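The values are calculated or read from the model by the stated rules, or taken from the named source; none is laboratory data. What you see is a predicted model, and the numbers here were worked out from it, not measured in a lab. Reconstructed Cβ throughout: ideal geometry from the backbone, glycine too, with neighbour counts over all protein chains shown.
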Amino acid sequence: MRRFVLILVVVAWFVGVSPSTTAAQSAGSAALPAPSSPIPRTIDGVAARIEDDILTESEVRELGAFQQLVDGQSKPRADLIRELGDQWIVRGEATAAKYPQPSEEDVDHAYAQLAARFSSPEEFKSRCTAVGLTQNEIHRLLSQQLYLARFLDYRFRPAAQIDQKEIESYYNDELVPELKSRGQQIPTLDDVEDTIREVLVQRAISERAAQWLEETRARLKIDILASEGRP
């Protein structure tokens, strides 16, 4: 389930998805994902074939660079390709459902929040240069992540029903012990109930999305090639 970090971590720290946001973005349901119409692009090498489409080496490198910027490290090539394949599946279903793209304002907000994680604008710019990503590329990647994360939230939130017993269990078994271990003040359950509910909803969304992707991936033809573009 860690392969979902790239998609769903966006929700945690800069997407700002809320039930009201997702409810306001209406879209129809879709069956199996269908890739969007091919867009002309420069191909430096084929990393994998997925159905009648491809994943390129440049996409793998770009995702790795984005992970280095966000997390400080990049996953192995096989994991990067797996994540790109998962994104391909989600994007296909979201496109078929005519799910709306994020606004420029939302992407700008995500960019600002990402930049704020660094000690200064100069450090952020330096890190972007070090990993080889331009401002436009980061904006595009953030837009993609927002799109995918919000669609997953839209698709699986209705089934993520959390009852009071689950909230109390999280409070007593997870939150309170964690805060005690840090020597922090323990809030009352009433004060954090809404926050706990959303945490559990996001956990349920992640679990349902992981199961859906695993089942969908098993039905697809995916061939991962060596880094030279050969089987």
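Numbers at a glance
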item	result
Lone qualifier among 138, 162 - being in a helix (DSSP H, G or I) and either within 22 Å of residue 62 (Cβ to Cβ) or of a type outside the set (S, T, N, Q) (or both)	138
Odd one out for residue 157 among (1) of a type in the set (Lys, Arg); (2) free of Cβ contacts under 8 Å to residues at least 40 places away in the same chain; (3) surrounded by 11 or more Cβ atoms within 10 Å (Cβ to Cβ)	(2)
Sole residue being more than 30 Å from residue 77 (Cβ to Cβ), among the acidic types (Asp, Glu) and surrounded by 10 or more Cβ atoms within 10 Å (Cβ to Cβ), chosen from 223, 190, 163	163
Residue ID - farthest from residue 90 (Cα to Cα), chosen from residues in segment 148-176 that are within 25 Å of the chain's Cα centre (by Cα) and β-branched (Val, Ile, Thr)	167
Test: residue in segment 177-200 that is under 28 Å from residue 94 (Cα atoms) and of a type in the set (S, T, N, Q)	yes
Residue check for residue 153: out of contact with any Phe, Trp or Tyr (no Cβ under 9 Å at 6 or more places or on another chain), assigned to a strand (DSSP E or B) and within 30 Å of residue 59 (Cβ to Cβ)	no
Residues of segment 109-134 satisfying the condition of being part of a helix (DSSP H, G or I), under 16 Å from residue 66 (Cβ atoms) and either among the hydrophobic types (A, V, I, L, M, F, W, C) or at pLDDT below 95 (or both)	110, 114, 115, 124, 128, 130, 131
Check on residue 62, in contact with a Leu (Cβ under 9 Å, 6 or more places away or on another chain) and within 19 Å of residue 213 (Cβ to Cβ)	no
Residue, surrounded by the most Cβ atoms within 10 Å (Cβ to Cβ), within segment 44-77, restricted to residues that are under 17 Å from residue 220 (Cα atoms) and out of contact with any strand residue (DSSP E or B) (no Cβ under 7 Å at 6 or more places or on another chain)	51
